[in-house]
Amino acid sequence: MEMLLEVLSGSFLLAGSLLCLAGGIGLIRFPDFYTRMHASGVTETLATSMIIIGLMLQNPGVLVLMKLLIIWLLILLTSPTSGHALAKAAYRSGHKPLTTYNQESSSSKR
């Protein structure tokens with residue numbers, strides 16, 4: 001049983017780490033603010049969830065499990081909310097999303 005928990009925990013930690021890496025690559029590779037924010041927001045929430053679940057499986061203590069659960073719930077509540085607020089503020093300040101039309105018109109101006 002202990003070996004199964006170790007393998008399951010390791011797989012959650014590895015998957016969460018790979019998702020963090022994918023989010024970082026998305027921040028570098030995507031062309032505009034909104035797609036970069038989407039890459040970081042979605043992968044950050046899922047990756048953090050997987051890492052916290054992996055940590056929960058490693059520790060049998062109730063106090064540590066409760067602390068990790070509280071951290072997980074706070075991240076699940078605040079991360080999407082802050083991402084939405086950031087996108088809404090950027091849109092209201094006049095930062096328009098990059099579209100195919102915008103790409104063609106900006107390349108013709110060069």
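Take the range 36-58 and flag every residue that is open to solvent by less than 50 Å² (accessible area, probe 1.4 Å) and over 17 Å from Ser9 (Cα atoms). Passing the criteria: Met37, Ala39, Ser40, Gly41, Thr43, Thr45. Looking across the range 59-91, just one residue is open to solvent by 90 Å² or more (accessible area, probe 1.4 Å), over 22 Å from Gly41 (Cβ atoms) and either polar (S, T, N, Q) or within 21 Å of the chain's Cα centre (by Cα) (or both), and that is Lys67.
The values are calculated or read from the model by the stated rules, or taken from the named source; none is laboratory data. Everything numeric here is computed off the predicted structure, so don't read it as measured data. Backbone-built Cβ (ideal geometry, glycine too); neighbour counts: all protein chains shown. For the accessible areas, the whole protein counts, side chains as well, though only heavy atoms, and no ligand, DNA or RNA atoms are used. Shrake-Rupley method; radii C 1.70, N 1.55, O 1.52, S 1.80 Å.
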